[in-house]
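The values are calculated or read from the model by the stated rules, or taken from the named source; none is laboratory data. Just so it is clear, the model here is predicted, and its values are computed rather than measured. Cβ placement follows ideal geometry from the backbone for every residue including glycine, while neighbour counts extend to all protein chains displayed. In case anyone asks, the SASA skips ligands and DNA or RNA and just uses the protein heavy atoms, side chains included. Shrake-Rupley method; radii C 1.70, N 1.55, O 1.52, S 1.80 Å.
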Amino acid sequence: IYSSFIGAAIGILPGIGGGTAGMLSYTFVKNRSRYPEKFGTGIMDGIVASETSNNACIGGAMVPLLTLGIPGDGTTAVLLGALMVHNVSAGPLIFQKNAAVVYGIYTAMLVASIAMLVLEYAGIRGFIYVLKVPKYYLLPVVICLCLVGAFGSSNRMFDVYCTLAFGILGYGMKKLELPFPPAILGFILGPLFESSLRRVSQYLTID
């Protein structure tokens, strides 16, 4: 319960993400535990604390996205981009102009939570074997699926080239230990910031 509240609160703050929520929740539960010396050995309390906070952070990140149009983390930044593609403006007016989209998101999150509980509980034994697959077998399959998805979205090779270019860029950022969320948020929020800045400039010029 503590971890859920911590994760939701951290998720509401834009740009922090589930990693910070997991660490804060883990530290909080460890300090309140009767046996803190067991933390770090795979004890169930620490695993449940961090994962519960991480999952709750996803729901909290939807709050600034739907109310202010500001993504709370990288996942909601991708969702904001998807909404922009479909000409849906996230913000206070989304509840009036696109109420069906909002209720669709609520329903999807509810169904996803139930499905995650059922599927992960039923398939946990099989999922363990996925971790044993060597990366030199798994990664080429993932790359091919990404390229096929990029081409299938609009049937253009330009999207495939963009996918490869951003993949190389992401690899370089990882090698240089540069954080990903600020770049994603800047890429998504950049056009919104520029359009709002132009509107403000026009108002100031008129006045």
Any chance Ser50 is small (Gly, Ala, Ser) and farther than 22 Å from Ser113 by Cα: no
Scope segment 15-39; condition open to solvent by less than 70 Å² (accessible area, probe 1.4 Å), of a type outside the set (A, V, I, L, M, F, W, C) and either within 22 Å of Met109 (Cβ to Cβ) or not in a helix (DSSP H, G or I) (or both); matching residues: Gly15, Gly17, Gly18, Gly19, Thr20, Gly22, Ser25, Ser33
Tabulated pairs, segment 114-125, first within 15 Å of Glu51 (Cβ to Cβ), second surrounded by 10 or more Cβ atoms within 10 Å (Cβ to Cβ), C-beta under 9 angstrom, 6+ apart or interchain: Met116/Asn55; Glu120/Phe127
Where a residue in segment 37-53 is more than 12 Å from Gly22 (Cα to Cα) and its partner, wherever it lies, is open to solvent by 80 Å² or more (accessible area, probe 1.4 Å), with Cβ under 7 Å and at least six apart: none
Subset of segment 53-68 (residues that are open to solvent by 30 Å² or more (accessible area, probe 1.4 Å) and over 10 Å from Ala8 (Cα atoms)): Thr67, Leu68
Some residue of segment 178-187 being hydrophobic (A, V, I, L, M, F, W, C), more than 24 Å from Ala82 (Cα to Cα), under 24 Å from the mean Cα position of the chain (by Cα) and at pLDDT 75 or above: yes
